Amino acid sequence: MRRITITSLLLLLALSVSAKTGFSGTYSVSGTNPGVGPYKGTLTITPRGEVYDVYWTIGNLQYGGVGIVTNDVLSVGYTGGDRSWFGVIAYKQNAAGNLEGRWAVAGRQGKPGTETAVRK
């Protein structure tokens, strides 16, 4: 009985640790930019303690940001290479482990964009 209890506790601990770092990895992204249209690219999320470094490559453009997790949502502030603008995206992980996001850029369209990230 004690062996089952210890095994159960270790399994629960492993699951809780993986849930906290479940956002990290490399993803294929596809999204919709309101007023512009669809896009595709790559997303890389790297944990750094309780903070995440986040990088996108969309076509020949690169974006970077920093994020934190609150209530199972990864919120990321990001910008492009010239840093003349900034945006925010919030990702929620679905049951398949993929990310569903909504994003906005300061001073642009009043409707958020959407993005789906599928783990590679």
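Where residues in the range 74-89 are touching a residue at least 12 places away in the same chain (Cβ under 8 Å) and part of a loop (DSSP other than H, G, I, E, B), which of them is surrounded by the fewest Cβ atoms within 10 Å (Cβ to Cβ)? Talk me through it step by step, then tell me what you get.
In the first step, residues of the range 74-89 are kept if they are touching a residue at least 12 places away in the same chain (Cβ under 8 Å); the result is 74-81, 85-89.
Filter once more, keeping what is part of a loop (DSSP other than H, G, I, E, B): 81, 85-86.
On the way: Gly81: 9, Trp85: 12, Phe86: 13.
Filtering first and then ranking leaves Gly81.
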Original post:
So how many residues does the range 90-114 have that are closer than 14 Å to Phe23 by Cβ and assigned to a strand (DSSP E or B)?
Top reply: 7
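Residue by residue, here is whether (1) without any contact (Cβ under 8 Å) to a residue 12 or more places away in the chain; (2) within 14 Å of the chain's Cα centre (by Cα); (3) farther than 15 Å from Lys120 by Cβ holds:
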{"residue": "Tyr39", "(1), (2), (3)": "no, no, yes"}
{"residue": "Leu43", "(1), (2), (3)": "no, yes, no"}
{"residue": "Val51", "(1), (2), (3)": "no, yes, yes"}
{"residue": "Val66", "(1), (2), (3)": "no, yes, yes"}
Subject >> Ala117 more than 14 Å from Ser24 (Cα to Cα), modelled with pLDDT of 95 or more and either of a type in the set (A, V, I, L, M, F, W, C) or outside any strand (DSSP E or B) (or both) >> reply: no
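The values are calculated or read from the model by the stated rules, or taken from the named source; none is laboratory data. Just so it is clear, the structure is predicted and the values come from calculations on it, not from any experiment. Here the Cβ is made from the backbone with ideal geometry for all residues, glycine too, and neighbour counts use every protein chain on show.
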